[in-house]
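Heads up: the structure comes next, in structure tokens.
Where a number appears in this text, it was derived from the coordinates with a stated rule and is not lab data. This is a predicted model, so every value here is computed, not measured. Don't worry about glycine lacking a Cβ; one is built from the backbone with ideal geometry, like all the others, and counts go over all protein chains shown.
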Amino acid sequence: MKKKQRVVVGLSGGVDSSVAAYLLKEQGYEVIGLFMKNWHDDSVTISNECPWLEDSNDAMLVAQKLNIPFQTVDLSEQYKERIVDYMFREYEMGRTPNPDVLCNREIKFDVFMKIALDLGADFVATGHYCRKSSFQKDGQTIHQLLAGKDPNKDQSYFLCQLSQEQLAKTLFPIGELLKPKVREIAAAQDLITAEKRDSQGLCFIGKVRLPEFLQQQLAPKKGAIVEIPSDFEGYKKGAEISEEKNLQTLSAKTQYQKNDGTVVGTHQGAHYFTNGQRKGLGVGGTQEPLFVIATDVEENIIYTGQGKSHPGLYRRGLFVKKEEIHWVREDLVLKIGETMEVMARIRYRQPLEKATLHQTRSGLYVIFTKPQSAITEGQFVAWYSGDELLGSGVIS
């Protein structure tokens, strides 16, 4: 008789991973539940909102109900090193990191995966809303990362940094299901997580008060909030020159000086703000709300513009440095001078937009057909063909 394949499921104490574990058991796998305890700092979490104890307890109860072995692993050290410290470094440089994408790349599908494989697992599984499919090409197995069936819950973006090796060992049991169906299965199996609301916030530090979290490491310092008029000279782009120059122009951030606008208020530190942000500026009396259009952490200035349609919020292109380009589909990597028509997004939940990839010597330009709002350094751009995520990169 063939030995059952062993799958380690990351049980987070939520409904998605609970149902993932149940489905795998139904499919005849030998299932082990593992709860990851990650770094967290009680002084900045909104205390009742980050009940990792409650979560690990729920995960344990689910494992008992499904009659599968369960254990907790403490990954706080790796989490602090690879996620938290990285976040502070990024904010300090005036970039806005995406901890969820990193958390998947560095923790769930790296540290956690190694632990699972040490436990003799054939696969790891998570409760992500995405799908995997595989096919043969030139005698090799190629794994595809596909969007989840539920358009409201598709989480492929968060997995945009996964590699072929990681995908080969991963299962996404709920990717074919819609969220209401997942809750229905959990209720039918009488799992304690059936009604539990979805977790928000930083991967799994819980809901963090970001400014306070950052203030612990990055000292507040007072600076000016400058409003830039919408007819600012710098928005008039010159005539097109060579192609690479043109790509650079389309992807370039507009540069501002303090005297390009009017000082309208003060702030406590430019590195606490991000492009497109509207809340927390504390400046009133403008006709339309002010949005952050740029931050300068060197000079400690925040540049703002009035209203959602301010030209300072929009750009048609972005650039990804050579070392920060990541192809899930390694077989499709572009050579220098090649282009590819794709659909792309620059943040989770954003509808996919038409774009063209241009591979140059220095890196990859992503040029959108329509200007995009609040392209933000440090965030990830992910590109797709149909519902397949092909690759991603850090916006530089």
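Each residue of segment 362-372 was assigned a 3J(HN,Hα) from its phi angle through the Karplus curve 6.51 cos²θ - 1.76 cosθ + 1.60 (θ = phi - 60°); the sequence is 7, x, 10, 9, 10, 10, 8, 5, 10, x, 10 Hz, with glycine and proline shown as x. Each other residue within a Cβ distance under 11 Å of ARG183 adds +1 if Lys or Arg and -1 if Asp or Glu, for a net charge of 0. Pairs of Cα atoms in the chain fall into 20 Å distance bins, from 0 up to the last occupied one, in shares of 25, 53, 21, 1 percent.
Fewest-first ordering of ARG278, ARG6 by other beta carbons within 10 Å of each residue's beta carbon gives ARG278, ARG6. Segment 126-146 and segment 79-95 have Cα centres separated by 31 Å.
Taken one residue at a time, the phi angles of segment 253-258 give Karplus couplings (6.51, -1.76, 1.60, θ = phi - 60°) of 6, 6, 9, 10, 10, 4 Hz. Gly and Pro are set to x. Size descriptor for segment 223-313, Kirkwood hydrodynamic radius: 13.8 Å (Cα pairs only, one decimal).
Over all other residues within a Cβ to Cβ distance under 11 Å of ARG278, the charged ones net out to +1, with Lys and Arg as +1 and Asp and Glu as -1. Here segment 314-394 is assigned +1 on the Cβ of each Lys and Arg and -1 on the Cβ of each Asp and Glu. Its dipole about the Cα centre then comes out at about 360 debye. Placing unit charges on the Cβ atoms of the charged side chains and taking the dipole of the chain about its Cα centre, the candidate lying farthest along the positive direction among HIS358, ALA147, LEU162 is ALA147. The Rg/Rh ratio for segment 296-357, using Cα coordinates for both the radius of gyration and the Kirkwood hydrodynamic radius, is 1.06. Net charge near ILE32, counting Lys/Arg +1 and Asp/Glu -1 over other residues with Cβ under 13 Å of its Cβ? Neighbourhood net charge equals 0. Projecting the alpha carbon convex hull of segment 322-396 along each direction and taking the average yields 4.8 nm².
Fewest neighbouring Cβ atoms within 10 Å first, the residues ASP331, ASP296, ASP154 line up as ASP331, ASP296, ASP154. In summary, the lysines within cross-link reach of LYS2, defined as a Cα separation below 22 angstrom excluding same-chain residues under 8 places away, comprise LYS25, LYS169.
Once the Cβ-Cβ distance of LYS335 and MET93 is raised to the sixth power relative to R0 = 30 Å, the FRET efficiency obtained is 0.45.
For segment 6-215, the share of alpha carbon pairs falling in successive 5 Å distance bins from zero is 1, 7, 15, 19, 21, 17, 11, 6, 2, 1, 0 percent. You can think of it this way: the chain between LYS137 and LEU53 has 25.6 nm of extra reach, that is 0.36 nm per residue less the Cα-Cα gap.
The protection proxy used here, the mean number of other Cβ atoms lying within 10 Å of each residue, ranks peptides 365-378, 337-350 as follows, highest first: 365-378, 337-350. What the phi angles of segment 381-396 give under the Karplus curve with 6.51, -1.76 and 1.60, with θ = phi - 60°, is a coupling list of 9, 10, 10, 10, 10, x, 9, 9, 7, 8, x, 7, x, 7, 6, 9 Hz, glycine and proline written as x.
Largest GNM mean-square fluctuation across ASN152, ASN275, ASN98, computed for the chain with C-alpha springs under 10 Å, falls on ASN152.
Over segment 255-396, the ratio between the Cα radius of gyration and 2.2 N^0.38 Å evaluates to 1.18.
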